[in-house]
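Engineer: Have a look at this one before I ask anything.
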Amino acid sequence: MMNVSAEKVHRYSFIMALGYLTLCQINRVYIFNYGILTTDFSGPLMIVTQKITTLAFQLHDGICRSPGSLNKHQLQNCVKKRPTLLEYLSYHLNFMSILAGPCSNFQDYIAFIEGRHVQRKFLEDNSIEKGYATFLEPSPNKTVINKLCICVVSLMLFLTVSKAFPIGYILDDSFINNSPLIVRLGYLYVATMAYKPKYYFAWTLADAVNNAAGYGFNGVDEDGNARWDLISNLNIWNIETATSFKMYIDNWNIQTAAWLKRVCYDRAPKYRTGLTFLLSALWHGVYPGYYFTFLTGIPTMMAARAMRNNFRHYFISSKFYKLIYDVITWIVTQLAISYTCAPFFLLAIEPTIKLYKSIHFYFHIAVFTVIILLPIKPSNDSRKPVFKRTTSSTTNHHVKKNYIVEHVKFHSR
């Protein structure tokens, strides 16, 4: 960070950080604990890798690139000078995120440390003139309590459901030979979904820790309530009700998805989706199952996009048809996730191939059939009326303005 020129700091930091992480994971997996998901230094190292590369890319954007060449997010978070050693270590190793993250932008973290984060979030939305007043920081107590309750429920679900439906049972020869395909698919869905509460617990607890320290404020919503989701890693409701593959992954491990977008998707000249999935697999580790999962995700995303663009507009003419469409796409999305993510939990090649053979590679066949047969059409989402978004934005602006004024009055008193 200190010795490489700003023109190349992002490349060298990316290669060094990701390369070191990969060597450590090879050492952990193939030398010490193959097939055993142990908790060791590699978990925190994955988060530090995200932070190192995020800061390096944002420093490159702030020093070497013109403002006109940056998108809105890059311009907002670019870093215009190299951090001090204390800032650098504080950002990477602060107690709030050292164990389970999540990764955040360097500018957001420094604003929090310097006490400017509340004001910064309001000023980003142009809700008040700069320098107009001192802001009173809202309390995170209610949000923290809610998230801790989610943690308790998630942990209880994981400890009970995952033991009742072990994913290894899907490979039992007697179960494969004596159970119809529909039963095995149902069991696969339940067994893979039983792992989700473990991630709900870890990510929600990490989010709650940051919020309890005062970090994570993200402005106010349309009702004037403070939002504490700046670095939230998941939206459980949107995950469980997802009606598309994209909607599911957009609400799962949100900060990692944002990191992948910052360092890969927004910068790759071509094959952006494929390279992003490949980077995600490499960052997760060196088990073959990870690569099965993310490489399967590439054609699945393409097929889901083709289905949506070719058929969705036929079902939005009435609420009844839209409900039918949502139910069907929800079922297909859940089957897609369970099929795609199963190798992620099985880890090795042999059990993954055995599983896919037992269910006849049905989803791979369906996905590639869709890609081959359906024409590629542009998305119809651009046809949405603009005035609805404008009205919502205007309403939200006034709510935020009132929220600020009330807090300023209280602070003055």
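The values are calculated or read from the model by the stated rules, or taken from the named source; none is laboratory data. Keep in mind that what you see is a predicted model, and the values were worked out from it rather than measured. Cβ placement follows ideal geometry from the backbone for every residue including glycine, while neighbour counts extend to all protein chains displayed. For the accessible areas, the whole protein counts, side chains as well, though only heavy atoms, and no ligand, DNA or RNA atoms are used. Shrake-Rupley method; radii C 1.70, N 1.55, O 1.52, S 1.80 Å.
Engineer: Between segment 194-262 and segment 150-168, what is the C-alpha centre distance in whole Å?
Structural biologist: If we compute the Cα centre of each part, the gap is 20 Å.
Engineer: Let me ask something else about it. To the nearest 0.05, what FRET efficiency results for ASP326 and GLU240 with a Förster distance of 22 Å applied to their C-beta separation?
Structural biologist: 0.95
Engineer: If Lys and Arg each add +1 and Asp and Glu each add -1, what is the summed charge of the other residues whose beta carbon sits under 14 Å from the beta carbon of MET2?
Structural biologist: That sum, taken over residues with Cβ under 14 Å, equals +2.
Engineer: Also: Pull out a ≥ b ≥ c, the square roots of the eigenvalues of the alpha-carbon gyration tensor of segment 1-90, then state rounded if a/c is under 1.5, prolate if not and a/b is larger than b/c, and oblate in the remaining case.
Structural biologist: Because a/c hits 1.5 or more and a/b exceeds b/c, segment 1-90 counts as prolate.
Engineer: Which angle from 0 to 90°, rounded to the nearest 10, does the C-alpha axis of helix 141-164 make with the longest principal axis of the chain?
Structural biologist: 10
Engineer: What is the helix-to-structure angle for 272-284, meaning the angle in degrees between its Cα long axis and the longest Cα principal axis of the chain, kept from 0 to 90 and rounded to the nearest 10?
Structural biologist: Approximately 90 degrees, to the nearest 10.
Engineer: Then there's this: Beyond 18 Å between alpha-carbons counts as too far, so tell me which of LYS246/LYS319; LYS72/LYS261; LYS147/LYS196; LYS81/LYS121; LYS72/LYS121 fall in that bin.
Structural biologist: Result: LYS246/LYS319; LYS81/LYS121 exceed 18 Å.
Engineer: Per-residue counts of other Cβ atoms within 10 Å, averaged by peptide: what ranking do you get for 231-237, 163-169, 315-321, highest first?
Structural biologist: The packing order, highest mean first, is 231-237, 163-169, 315-321.
Engineer: What do you get for the angle between helix 349-358 and the principal long axis of the chain? Use alpha-carbon atoms, 0 to 90 degrees, nearest ten.
Structural biologist: Here the helix axis deviates by roughly 60 degrees.
Engineer: Further, regarding this structure: Please give the length that would be gained between LYS81 and TYR199 if that part of the chain were fully extended, namely 0.36 nm times their separation in residues minus their C-alpha to C-alpha distance (nm, one decimal).
Structural biologist: Result: 38.9 nm gained on full extension.
Engineer: Based on the mean of other Cβ atoms within 10 Å per residue, sort peptides 44-55, 327-338 so the most packed one is first.
Structural biologist: 44-55, 327-338
Engineer: Inverting the mean 1/r over all pairs of different Cα atoms, compute the Kirkwood radius of the chain and quote it in Å.
Structural biologist: 23.7
Engineer: What number in nm² do you get for segment 93-214 if you take the convex hull of its Cα atoms and divide its surface by four?
Structural biologist: Taking a quarter of the hull surface, the average projection is 10.9 nm².
Engineer: Another question, if that's okay. What accessible area per residue comes out for segment 174-321, rounded to a whole number of Å², with a 1.4 Å probe?
Structural biologist: 45
Engineer: Can you tell me the FRET efficiency between LYS142 and ILE98 if r is taken as the Cβ-Cβ distance and R0 is 35 Å, rounded to the nearest 0.05?
Structural biologist: 0.85
Engineer: What's the extension gain from PHE361 to ILE316 if we count 0.36 nm per residue and subtract their Cα-Cα distance?
Structural biologist: Roughly 13.0 nm would be gained on extension.
Engineer: Moving to a separate point now. Heavy atoms only, probe 1.4 Å: what % of the accessible area of the chain goes to carbon and sulfur, would you let me know?
Structural biologist: Its accessible area is 65 percent carbon and sulfur atoms.
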